[in-house]
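For reference, the structure is listed below as structure tokens.
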Amino acid sequence: MSAAAAELLTRQGGPIRTNEALRDKVAIFSDGRCLVSRSNAEDIDVISVIALAGRLGFATQAAEYVDLGSLRSLYSVSREHAVWPAVGRAARDDTAMQREVHELILRARRLEASDIHVVVDGNAVSVRLRVNGELMPLPGGTDGTPVHWQVEHGRQICMTAYAMAAEGGTADANYDPFGYQAGRIVSGLPEGIQAVRLQFNPVGYSGRHMVMRLLYAGHAVGRSLADLGFTATQEAMLGELTESQAGLVVISGPTGSGKTTTLERLMRTIVRRKPGESLLSVEDPPEYRIPGVVQLPVSNLRNDGDRGSAYADAIAAALRSDPDRIMIGEVRTPAAAHYAFEAAMTGHQVLTTLHANDALGIVPRFLDIGVEAYKLRDPSLIRGLLAQRLLKRLCPGCRRQVHPRDSRLAGDALARLLAVVGDGPVWLPGNGCDGCRGGYAGRTVIAELALPDQHLLDLLCAGDRQAAVDYWKSVLGGWSFADHAMDKLLQGIVDPQQIEYRVGRLAAP
């Protein structure tokens, strides 16, 4: 029996008799796990009750030392249930805490946040929102001061959010405050939020880290690729790829770079243009509903090994389901890569994502996870290589136009800016207005896109990166991240400091 489903033997009325004072010191489980309050490590009552467990036939492991709040949280959840800690059921009637979770999500939505971070660590709780790609404290009042929670309140918020996911069947029924867990809240959410994806991580000294990813309903409906930030040329190239019926289109970028949004936008385009095709997706789990696409979920798996195996099984099932095109949320393992290439080699188009630093890094990354070089040298298989990142977009309502010498750059960075724009003006963020937050209004894509030919793939497979970059830019007309960012700088869409921070040194496109 796993610790997450073990019986709490020392609960009130449990097999090992205890009183309230003793329950503040120790918790013993049927799988042998023994949690002891740090301040009572050598307490005679603790030693006695552990010995009693042994005499009753319950073998115990070496003690794990936790804080008092953790013990009280365990017992508060277990008052009505013998299994520790079945919060999916125990917290079901805790409507007050559910309202607080709902209000937290609502406040994040009002600020157009993508994520909520709650860290319960020792004697403090940190609550931050990711807005325009950067973390900021959750405002606690009209004066903007950060919200302040007690440690126990932070634990209860985490536990209740998990319970809400468990009620929807997207997480295990048993909450483990010391383990890695994931879930998804799919009901009872504020208007405009389709779902909230949850990730729980243990933190040293019995702490907890919860990340809530807000998935906005209809976030990309009606938005073109140009609206996301792609150039007209890139939009035309991506449109050309959606007309193809075979090969791989691979999108890369760091976490939070908008890969899923772009992938969804491409699938919606295909649905609109190809209504007679069978479109399937394999996702871990599906983040957004895409009408016209049969979305196969891979979720609620405890470790990467199980997840990788389930992903490969789901892709294999999709191949047996008469698809014309398959979208794979992410290729993470050799098995998933094998099935993705098998699909592409048997006349299906595959759209997927992969973690790589840039567009030309996708082929070497496939080599790293075991894809054979002969497959990667075939331009009929490798049809499109796209990499993207997001930069904060200047608010058009309050941005400021200044001379480069009045920008926030100095030293070598200023010299690089002057080399690019000369005496021409640059745009900086304003002080904020009704249409933005702090001078920025959302984010915009910068992208690299290659439709590779045989020679480019040969160079990449041979490991000659510099020759590949030179050929891509001079012969195939490739644009790097820096090129795209500098173009947006000259248009007044982004500011120079963002480029230096997110992309690299300023340089003329």
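Each peptide in 229-242, 400-413 receives the mean, over its residues, of other Cβ atoms within 10 Å, and ordering these scores from highest gives 229-242, 400-413. Taking 4.7 Å between C-beta atoms as the pairing limit, the chain has these partnerless cysteines: 34, 158, 461. Note on 250, 494: ascending count of other Cβ atoms within 10 Å places them as 250, 494, the fewest first. Ratio of Rg to Rh for the chain: 1.03 [Cα atoms; Kirkwood radius as inverse mean 1/r over pairs]. Lysines within cross-link reach of residue 375: Cα-Cα under 28 Å, excluding same-chain residues under 8 positions apart? Excluding near neighbours in sequence, the set is 259, 274, 473.
On a full-extension model of 0.36 nm per residue, what is the gain between residue 24 and residue 217, subtracting their alpha-carbon distance, rounded to one decimal in nm?
Values: separation 193, 0.36 × 193 = 69.48 nm, distance 4.44 nm.
Extra length available between residue 24 and residue 217 comes to 65.0 nm.
Cross-link partners of residue 488 among lysines, defined as those whose alpha carbon lies under 16 angstrom from its own and excluding same-chain residues fewer than eight positions apart: 392. Axis of helix 465-474 versus longest Cα principal axis of the chain: the two differ by about 50°, to the nearest ten degrees.
Model label points for residue 473 and residue 205, set 7 angstrom from Cα along the Cα-to-Cβ axis, are 4.9 nm apart.
Net length available on complete extension from residue 402 to residue 51 is 118.8 nm, with 0.36 nm assigned per residue and the Cα-Cα distance removed.
The angle between the Cα long axis of helix 151-167 and the main principal axis of the chain comes to about 70°, on a 0 to 90 degree scale. By the helix-only formula, in which each DSSP H run with n ≥ 4 contributes -39500 (n - 2.57) and the sum is divided by residues, the chain has a 222 nm mean residue ellipticity of -10500 deg cm²/dmol.
To make sure I understand, if each residue's beta carbon is the centre and we count other beta carbons within 10 Å, what order do 427, 472 fall in, fewest to most?
With the fewest neighbours first, 427, 472 line up as 427, 472.
Relative to the dominant Cα principal axis of the chain, helix 44-55 is inclined by about 90°.
If you wrap the tightest convex hull around every Cα atom of the stretch 90-216 and split its volume per residue, you get 102 Å³.
Counting only residues at least eight positions apart within a chain, or on another chain, the aspartates and glutamates with an alpha carbon under 14 Å from that of residue 25 are 42, 43, 45, 64, 67.
In the chain, what percentage of the DSSP-assigned beta bridges are antiparallel, given to the nearest 5? The partial results should precede the final answer.
Numbers: 51 of 77 bridges.
Of those bridges, close to 65 percent are antiparallel.
Backbone geometry of the stretch 269-274 corresponds, through the Karplus equation with coefficients 6.51, -1.76 and 1.60 at θ = phi - 60°, to 3J(HN,Hα) couplings of 5, 5, 4, 5, 7, 10 Hz, x marking Gly and Pro. Placing +1 on the Cβ of every Lys and Arg and -1 on the Cβ of every Asp and Glu, with no other charges, gives the chain a dipole of roughly 740 debye about its Cα centre. Annotation: amide H-H contacts under 5 Å for residue 26 (H modelled 1.01 Å from N, sequence separation of 5 or more, or interchain): 37.
Read the figures in this text as sums done on the coordinates, not as results from a lab. In this text the structure is predicted, and so the values were computed from the model without any measurement. Cβ sites come from the backbone with ideal geometry, for glycine too, and all protein chains shown count toward neighbours.
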